[in-house]
Amino acid sequence: MNALAATNRNFRQAARILGLDSKIEKSLLIPFREIKVECTIPEDDGTLVSYVGFRVQHDNARGPMKGGIRYHPEVDPDEVNALAQLMTWKTAVADIPYGGAKGGIGCNPKDLSVSELERLTRVFTQKIHDLIGVNTDVPAPDMGTNAQTMAWILDEYSKFHGHSPAIVTGKPIDLGGSLGREAATGRGVVYATEALLAEYGKHVKDLTFAIQGFGNVGAWAGKLIHERGGKVVAVSDITGAVKNPNGLDIPALLSHKEKTGKLIDFAGADVMNSDELLTHECDVLIPCALGGVLNRENADNVKAKFIIEAANHPTDPDADEILSKKGVVILPDIYANAGGVTVSYFEWVQNIQGFMWDEEKVNRELKKYMTRAFHNLKGMCHSHNCNLRMGAFTLGVNRVARATQLRGWEA
């Protein structure tokens, strides 16, 4: 089942639990606006080449739309639609005043030089500058984009609208980016994990963890779990997988990865098959990479008691059912990985006020938001007698539906 079908299915189930009117249910599913633009740039050798750029703006009932811009060769409209919709529910679950959006350009950033990427980003910004805005739609980095991409968007947008640091988040610190933003998603994952474990009277320091995906999110989550005394027993990324039943030395593994570019050949660990990571012996499994990695083929063999969805949509609905029957507790993506968008919100707030926070304050506020969201989510589970995923979806959908009705949607 693809991401859009799964998201729609979760939404419809939540709408049914909440008893939403079918008219409002339909209206919440339809995106507010879909934008598709042609971006033609000269390559470094002077030949003209065209790319398709797009932005799906899903919902703005609770505030400006918010979501990443990805540069990827297979930018699939269905997937972008699903991710824009997920952002609507995610911002509502975290209780930050945003709606959802997502966008990107169908290109392979690895095949483009830095100056080609800059020209492409600027042309894309020129095409959509009057459809995004500090109070309308605030982009952020995603797959294939980074702080530098945001810097180019900020500069190009400011040529039309005057200096506007709050137009994008995930910017370089020197241009108004927030301290703590880089670690935010991984740190949020750890705060979410602590909140969940506390419900079961457990602590990070007493458990073993396996992390699939060791990019930004996985590496920060691993580092913070290690600092709290948790044992990370297995880690994988696209270069391979390593394990150590007594716990990996995460800081040493990170510096090894930085030096060599890969996880394998690390002195303090044994190499393992990457495919076995998801079914490795551990208490807590944290998928931080791609969607759909837990499916009906491997779900039965998962040994973890808790799964923290740091990736978007890592568990497909078949696996969801199998794991629930086994009694595995799954903390859903729309809550677990909301740390990134929460600190993006803090960045936007700091830019609007023109007053920057120190890192301690960013992390303190993030912990407050993640912990509060967990208790709100649990409240929905109790009132509707449902699992954590439906608790999160009902919480998010209910907030958006309420805002929509209060704004006089029926009128």
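The values are calculated or read from the model by the stated rules, or taken from the named source; none is laboratory data. Here the structure is a predicted model, which means the values were calculated and not measured. Note that we place each Cβ from the backbone using ideal geometry, even for glycine, and neighbour counts take in every protein chain shown. All accessible areas refer to the heavy atoms of the entire protein, side chains included, with ligands and DNA or RNA removed. Shrake-Rupley method; radii C 1.70, N 1.55, O 1.52, S 1.80 Å.
Can you tell me how many residues within the range 154-187 are part of a helix (DSSP H, G or I) and touching a residue at least 40 places away in the same chain (Cβ under 8 Å)? So that I can check it myself, show each step before the final result.
Taking the range 154-187 and keeping what is part of a helix (DSSP H, G or I), we get 154-161, 165-167, 173-175, 184-187.
Next cut, touching a residue at least 40 places away in the same chain (Cβ under 8 Å) only: 165-166, 184-187.
Qualifying residue count, the range 154-187: 6.
Taking the options Leu323, Leu331, Leu395, Leu377, name whichever one is over 20 Å from Ala94 (Cβ atoms) and of a type in the set (A, V, I, L, M).
Leu323
To keep it simple, each residue is scored yes or no on (1) over 20 Å from Arg16 (Cα atoms); (2) touching a Phe, Trp or Tyr at 6+ places or on another chain (Cβ under 6 Å); (3) modelled with pLDDT of 95 or more; (4) assigned by the TED database to the domain that holds Asn135.
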residue: His375; (1), (2), (3), (4): yes, no, yes, no
residue: Met380; (1), (2), (3), (4): no, no, yes, no
residue: Gly396; (1), (2), (3), (4): no, yes, yes, no
residue: Arg407; (1), (2), (3), (4): yes, no, no, no
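Yes or no, residue by residue, for (1) under 27 Å from Glu321 (Cα atoms); (2) not in a loop (DSSP other than H, G, I, E, B):
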site: Trp357; (1), (2): no, no
site: Glu365; (1), (2): no, yes
site: Lys378; (1), (2): yes, yes
site: Cys381; (1), (2): yes, yes
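Residue by residue, here is whether (1) open to solvent by less than 10 Å² (accessible area, probe 1.4 Å); (2) over 24 Å from Ala5 (Cβ atoms); (3) of a type outside the set (Gly, Ala, Ser) holds:
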site	(1), (2), (3)
Gly291	no, no, no
Ala299	yes, no, no
Ile308	yes, no, yes
His313	no, no, yes
Pro317	no, no, yes
Thr342	yes, yes, yes
Tyr345	no, yes, yes
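Scan the range 130-148 for residues that are within 17 Å of Gly340 (Cα to Cα) and not in a strand (DSSP E or B) and report the count.
Here is the first cut: in the range 130-148, the residues within 17 Å of Gly340 (Cα to Cα) are 137-147.
Now narrow it down to the ones that are not in a strand (DSSP E or B): 142-147.
Count: 6.
I need the full set of residues from the range 128-148 which are charged (D, E, K, R) and either touching a His at 6+ places or on another chain (Cβ under 6 Å) or crowded, with 17+ Cβ neighbours inside 10 Å (or both), in order please. Full working, then the answer.
Within the range 128-148, the first condition is being charged (D, E, K, R), and the residues that meet it are 130, 137, 142.
Passing the criteria: Asp137, Asp142.
Name the single residue, out of those in the range 188-218 being touching an Asp or Glu at 6+ places or on another chain (Cβ under 9 Å), in a helix (DSSP H, G or I) and open to solvent by 20 Å² or more (accessible area, probe 1.4 Å), that is farthest from Ile238 (Cα to Cα).
Looking at the filtered set, the residue picked out is Asp206.
If I filter the range 30-82 down to residues being assigned to a helix (DSSP H, G or I) and surrounded by 17 or more Cβ atoms within 10 Å (Cβ to Cβ), which single residue comes out as modelled with the lowest pLDDT? First the steps, then the outcome.
Going residue by residue through the range 30-82, those that are assigned to a helix (DSSP H, G or I) are 77-82.
Okay, now just the ones that are also surrounded by 17 or more Cβ atoms within 10 Å (Cβ to Cβ), so 79-82.
Values: Glu79: 80, Val80: 87, Asn81: 89, Ala82: 85.
The extreme case among them is Glu79.
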